[in-house]
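Colleague: Take a look at the following structure, please.
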Amino acid sequence: MKSPLLSLPGAVSAEGVDEGVAGHYGELFREQRALAEGVGFVDLSHRGVLTVTGDDRLSWLHLLLTQHVSDLPVGQATEALVLSANGHIEHALYLVDDGTTTWVHVEPGTQEALIAYLKSMIFFYRVEVADRTDEFAVVHLPAGAISEVPEGVVVRETAYGRDLFLPRADLESYAEKAGPAAGLLAYEALRVEQHRPRLGFETDHRTIPHELGWIGTAVHLQKGCYRGQETVARVQNLGKPPRRLVFLHLDGSEVHLPPAGTELRLADDGPDGRKIGFITTSVRHHELGPVALALVKRNVAVDARLVADTTAAAQEVVVEP
């Protein structure tokens with residue numbers, strides 16, 4: 001879905017799954033600094049939006065999701081996962097309940113599969129699941145922003161900022177008042193700095209929550225059964241995940257960033273050394289320079305010098321080995 005804000009001066013479309021919103025508006029580092037200072041907004045209108053209504057909505061979601069939501073207070077933001085039977089991550093949900101409706105936003109293009117799964121699990125519960133992507137657009141306000149939120153708009157507030165479920169028809173008029181606009185590349189740079197994983201970027205077909213540090217933030221360990229819980233409990237109580245998320249400081253003398261999927265090796269092993277991980281997201285940060293998130297094998301020493309193709313990389317621990 002192409003955002004009308006791509007008509008703003010300097011707007012350049014993002015790529016891949018984020019195509020349809022602006023990657024930047026011509027000044028990447030200025031946009032990053034503005035967000036870091038709590039100024040401006042980010043157009044996330046390409047994300048999927050769904051709602052769950054009905055008297056049983058929270059108790060029903062509690063049975064399906066990794067997060068404890070049966071008693072979710074009105075207005076309290078949370079996040080949750082849907083796992084496969086083997087405990088692999090299939091969906092990531094960002095939720096808030098307004099007292100009558102649970103509002104959810106998800107990665108672009110994933111809402112249809114998620115809704116199909118949810119509808120298949122309704123049975124006799126008093127719930128309704130609806131795709132609201134055509135009606136509502138997600139807009140992100142950074143932490144510390146003082147921009148006014150239009151009356152009646154549902155807000156999901158976290159330590160990283162506020163997500164607004166804005167009527168899509170109001171997106172352009174809101175942008176005129178809430179500026180300056182910052183592109184998705186600025187938003188992603190801060191996400192990487194904050195070590196926050198993203199479905200489809202830090203995950204692949206075999207990712208489990210422990211590898212990304214999603215235990216606690218998106219997975220509650222003291223709740224009843226849900227699909228994939230056996231794997232979560234077994235790894236938590238008896239073992240360690242096979243991989244772990246790391247933050248990388250990349251060699252700033254390189255012109256090009258190593259793209260997602262670039263293989264990581266131990267620097268001491270040379271270019272023919274064995275693969276010990278891969279880049280998941282790489283960005284240019286306005287203060288830190290080129291940085292990245294990556295998945296590496298759990299037993300890689302935390303002080304090991306790494307190389308991504310020809311780019312030297314130093315680790316910073318995100319998930320403990």
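The values are calculated or read from the model by the stated rules, or taken from the named source; none is laboratory data. Keep in mind it's a predicted model, so treat the numbers as computed, not measured. Note: ideal-geometry Cβ built from the backbone for every residue, glycine included; neighbour counts use all protein chains shown. The accessibility values were calculated without ligands, DNA or RNA, using every heavy atom of the protein model including side chains. Shrake-Rupley method; radii C 1.70, N 1.55, O 1.52, S 1.80 Å.
Colleague: Per residue of region 102-110, what does 6.51 cos²θ - 1.76 cosθ + 1.60 with θ = phi - 60° give for ³J(HN,Hα)? Whole Hz please, x for Gly and Pro, Karplus curve as stated.
Modeller: Going residue by residue, I get 9, 9, 9, 10, 9, 4, x, x, 9 Hz, with x marking Gly and Pro.
Colleague: As a test of reading the structure, rank 29, 123 by solvent-accessible area (1.4 Å probe, protein chains only), most first.
Modeller: Working: 29 85, 123 145 Å².
Output order, biggest surface exposure first: 123, 29.
Colleague: For residue 255, tell me the accessible area in Å² from a 1.4 Å probe, rounded to the nearest 10.
Modeller: 110 Å²
Colleague: Which option, [x] 5, 22, 25, 20, 16, 9, 3, 1, 0; [y] 6, 25, 32, 25, 10, 1, 0; [z] 7, 31, 39, 20, 4, 0, is the value of P(r) over Cα pairs in 10 Å bins from 0, in percent that was calculated from these coordinates?
Modeller: Checking each listed value against the structure points to [y].
Colleague: I'd like the distance between the alpha-carbon centres of region 249-276 and region 186-203, rounded to an integer number of Å.
Modeller: Their Cα centres are 19 Å away from one another.
Colleague: Run the dipole for the chain about the Cα centre, Lys and Arg Cβ at +1, Asp and Glu Cβ at -1, nothing else charged, and hand back the magnitude in debye, nearest 20.
Modeller: Numbers: 29 positive and 44 negative charges, 196 e Å.
About 940 debye.
Colleague: Tabulate in residue order the Karplus-calculated ³J(HN,Hα) for region 4-9, using 6.51 cos²θ - 1.76 cosθ + 1.60 with θ = phi - 60°, rounded to whole Hz; enter x for Gly and Pro.
Modeller: x, 6, 5, 8, 5, x
Colleague: Please work out the FRET efficiency for the pair residue 267 and residue 6, using the Cβ-Cβ distance as r and a Förster radius of 45 Å; give the result to the nearest 0.05.
Modeller: Details: r = 41 Å, r/R0 = 0.92.
Result of the calculation: an efficiency of 0.65.
Colleague: Ok, one more. In what sequence, highest mean first, do 237-248, 1-12 appear when ranked by Cβ atoms within 10 angstrom?
Modeller: 237-248, 1-12
Colleague: Please list 3J(HN,Hα) in residue order for region 139-153, calculated via the Karplus relation 6.51 cos²θ - 1.76 cosθ + 1.60 where θ = phi - 60°; whole Hz, with x for glycine and proline.
Modeller: The phi angles translate into 10, 9, 10, x, 4, x, 5, 10, 4, 6, 9, x, 4, x, 7 Hz.
Colleague: What relative contact order, as a whole-number percentage, does the chain give when Cα pairs under 8 Å and 6 or more residues apart are counted?
Modeller: 19 percent
Colleague: Heavy-atom accessible area of residue 56 with all protein chains present, probe 1.4 Å, nearest 10 Å²?
Modeller: Looks like 30 Å² after rounding.
Colleague: Let me ask something else. Report the local net charge at residue 128: Lys and Arg +1, Asp and Glu -1, summed over other residues whose C-beta lies under 14 Å from its C-beta.
Modeller: +1
Colleague: Specify which residue in the list 313, 232, 141 is farthest towards the positive end of the charge dipole of the chain, using unit charges on the beta carbon of Lys, Arg (+1) and Asp, Glu (-1), about the Cα centre.
Modeller: 232
Colleague: Taking only DSSP H segments of four or more residues, each worth -39500 (n - 2.57), what value at 222 nm results for the chain once the sum is divided by all its residues, to the nearest 500 deg cm²/dmol?
Modeller: Values: 7 runs with 59 residues, N = 321.
Theoretical 222 nm ellipticity from helices: -5000 deg cm²/dmol.
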